[in-house]
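Student: Next up is a structure, given as structure tokens.
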Amino acid sequence: MSYHIKTLAEDKLAELYETHMRQDFPASELKPLSHILRSMEAGYGFSLGLYEEEELAGYAVFILCKETSCALLDYFAILRDRRGKGMGHQAFSLIETYFRENLPEIETLYIESERVSAAENEAQRLVRERRIAFYLSCGCKMTNLRSVLFGVDYSVLYKPLGEAQQAGLASREALDALYRLMFKPEHYAKAVRLTVMSESKDNAVSV
């Protein structure tokens, strides 16, 4: 099959939000649609669709901070009826290619994944381990950063892009700049916590 990626217009993202994103992500993790659209209108948010021929197969939503040459993968999902076919790895590879060809100034892509050690039960723990293992298999690296956003506890991974692939570095300051761009000052002060951990059980799965 032939897969390709293209940018999603605001109206397409709004449709996607109602038909898929509400089902693909817990309510605690899903920002209001108005928040996502506002970031796109302001020019620091954008969305990509993964297509099989002309049919949508997956999507990704990003936040860009060009001042720090970084981006955040805010949401990423393959449509439910297309999962389990290895499409996630193909999509992530196409995303990397998109950044190299269209946003060469972006050197680091950050990814949040719910912390394994914060899982409430065994089933949740296994899901979180699989999710982190997926990103590691895509060449991402685990950081020692922990972010808690509106009560949701995340480990932070990153994927070096472009010249940064040689350095392989992640920065608390760069991720913090992304959060300050995403959230209003009053929301940042009340609901955003970004810390550096000396040790983490979650980091034990890093490569």
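Student: Which residue, of GLU15, GLU105, GLU41, is over 17 Å from the mean Cα position of the chain (by Cα), in a loop (DSSP other than H, G, I, E, B) and not polar (S, T, N, Q)?
Tutor: The match here is GLU105.
Student: So, one more: Quick one: which of SER137, SER155 is modelled with pLDDT of 95 or more, of a type in the set (S, T, N, Q) and out of contact with any strand residue (DSSP E or B) (no Cβ under 9 Å at 6 or more places or on another chain)?
Tutor: SER137
Student: Being surrounded by 15 or more Cβ atoms within 10 Å (Cβ to Cβ) and more than 16 Å from the chain's Cα centre (by Cα) is the filter; apply it to the stretch 57-72 and report the residue that is farthest from ARG172 (Cα to Cα).
Tutor: Within the stretch 57-72, the match that is farthest from ARG172 (Cα to Cα) is ALA57.
Student: Are any of the residues in the stretch 73-86 farther than 23 Å from LEU178 by Cβ and within 15 Å of the chain's Cα centre (by Cα)?
Tutor: yes
Student: Out of the residues in the stretch 171-207 that are assigned to a helix (DSSP H, G or I) and of a type in the set (D, E, K, R), state the one that is modelled with the lowest pLDDT.
Tutor: ASP202
Student: Right, LEU94: in contact with a Phe, Trp or Tyr (Cβ under 9 Å, 6 or more places away or on another chain) and buried (at least 20 other Cβ atoms within 10 Å of the Cβ) or not? I'd like the intermediate steps shown before the answer.
Tutor: Numbers: in contact with a Phe, Trp or Tyr (Cβ under 9 Å, 6 or more places away or on another chain): yes; buried (at least 20 other Cβ atoms within 10 Å of the Cβ): no.
It is false that LEU94 is in contact with a Phe, Trp or Tyr (Cβ under 9 Å, 6 or more places away or on another chain) and buried (at least 20 other Cβ atoms within 10 Å of the Cβ).
Student: Let me ask something else. Go through the stretch 85-113 residue by residue and tally those that are among the acidic types (Asp, Glu) and under 16 Å from ARG130 (Cβ atoms).
Tutor: Within the stretch 85-113, residues that are among the acidic types (Asp, Glu) and under 16 Å from ARG130 (Cβ atoms) number 1.
Student: For GLU29, work out the one condition from (1) without any contact (Cβ under 8 Å) to a residue 12 or more places away in the chain; (2) in a loop (DSSP other than H, G, I, E, B); (3) of a type in the set (Asp, Glu) it doesn't fulfil.
Tutor: (1) is the only condition that GLU29 fails.
Student: Check VAL116 against each of (1) surrounded by 18 or more Cβ atoms within 10 Å (Cβ to Cβ); (2) under 21 Å from ILE63 (Cα atoms) and name the one condition it does not meet.
Tutor: (2)
Student: While we're here: Go through the residues of the stretch 30-47 one by one and say whether even a single one is buried (at least 19 other Cβ atoms within 10 Å of the Cβ), charged (D, E, K, R) and either in contact with a helix residue (DSSP H, G or I) (Cβ under 8 Å, 6 or more places away or on another chain) or closer than 18 Å to MET182 by Cα (or both).
Tutor: Within the stretch 30-47 (the criterion being buried (at least 19 other Cβ atoms within 10 Å of the Cβ), charged (D, E, K, R) and either in contact with a helix residue (DSSP H, G or I) (Cβ under 8 Å, 6 or more places away or on another chain) or closer than 18 Å to MET182 by Cα (or both)), the answer is yes, since at least one residue qualifies.
Student: Ok, one more. Mind listing just one residue for me: the one in the stretch 119-134 that is part of a helix (DSSP H, G or I) and touching a helix residue (DSSP H, G or I) at 6+ places or on another chain (Cβ under 8 Å) and, of those, surrounded by the fewest Cβ atoms within 10 Å (Cβ to Cβ)?
Tutor: ALA133
Student: In the stretch 135-154, what count of residues is obtained for those that are within 21 Å of ALA91 (Cβ to Cβ) and of a type outside the set (Phe, Trp, Tyr)?
Tutor: Total meeting the criteria: 7.
Student: Identify, please: which residue in the stretch 68-102 is hydroxyl-bearing (Ser, Thr, Tyr) and outside any helix (DSSP H, G or I) and is, among those, nearest to TYR154 (Cα to Cα)?
Tutor: Taking the candidates together, the pick is TYR75.
The values are calculated or read from the model by the stated rules, or taken from the named source; none is laboratory data. Since we're looking at a predicted model, the values are computed, not measured. Virtual Cβ from ideal backbone geometry, glycine too; neighbours counted across all protein chains shown.
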